[in-house]
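Just below is one structure, and these are the notes that go with it.
The values are calculated or read from the model by the stated rules, or taken from the named source; none is laboratory data. It should be emphasised that the depicted structure is a prediction, and the values quoted were computed from it without experimental measurement. Every residue, glycine among them, receives a Cβ derived from its backbone with ideal geometry; neighbour counts consider all protein chains shown. Each accessible area value is taken on the protein alone, full model and side chains, heavy atoms only, with ligands, DNA and RNA left out. Shrake-Rupley method; radii C 1.70, N 1.55, O 1.52, S 1.80 Å.
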Amino acid sequence: MLGKKKSDDEEVRAFLGKGAEFTGKLMFTGSVRIDGDFKGSIFGSGMLVIGEGAKIEADIRADAVMISGEVRGKIDVKKTIRIYSTGKVLGDLNTPLFAVEEGAFFEGTCRMARSEAEVHPLPLKQTAAGV
């Protein structure tokens, strides 16, 4: 709609284009789109969009992940994972909502969490007695 302002979650804050390669750790807030090659780890509060042709080798933890490219690694999300028809995922998923379009490829395990606490478990705290 013309004149409509994008919300912070819709506004793409970082973009890795086709032909670009990056190795390391990506931390973000808002929306990030990757169309190139990425190796490492990705942590974000917001949406991660993996475009068609992208190749990702990373463990991912974000609010939502939309996949049209290829992803290898563990994916933990608070809200939703969607694999589009051109998407390919090889790895384990932990999500409350999982959608796969016809033609998409998924090989791995999927755990359907009922709450955010199950998706992003906090480390167990030791008691004063060390138990």
*asked:* Given points 7 Å out from each Cα along the Cα-Cβ axis, report the Glu11 to Asp92 separation in nanometres with one decimal.
replied: 3.7
*Solvent-accessible area per residue for the range 39-117 at a 1.4 Å probe radius, Å²?*
48
*Just how much of Lys74 is accessible, in Å², when a 1.4 Å probe is used and the result is rounded to the nearest 10?*
110
*Per residue, what volume in Å³ does the convex hull of the Cα atoms of the range 48-99 enclose?*
55
*Rounded to the nearest 0.05, what FRET efficiency is calculated for Phe28 and Glu102 with R0 set to 22 Å and r the Cβ-Cβ distance?*
0.15
_As an exercise, use a Förster radius of 22 Å and the Cβ-Cβ distance of Thr109 and Lys79 to find the FRET efficiency, rounded to the nearest 0.05._
0.70
*With only alpha-carbon atoms counted, please give the Rg and Dmax of the range 1-106, in Å.*
13.0, 40
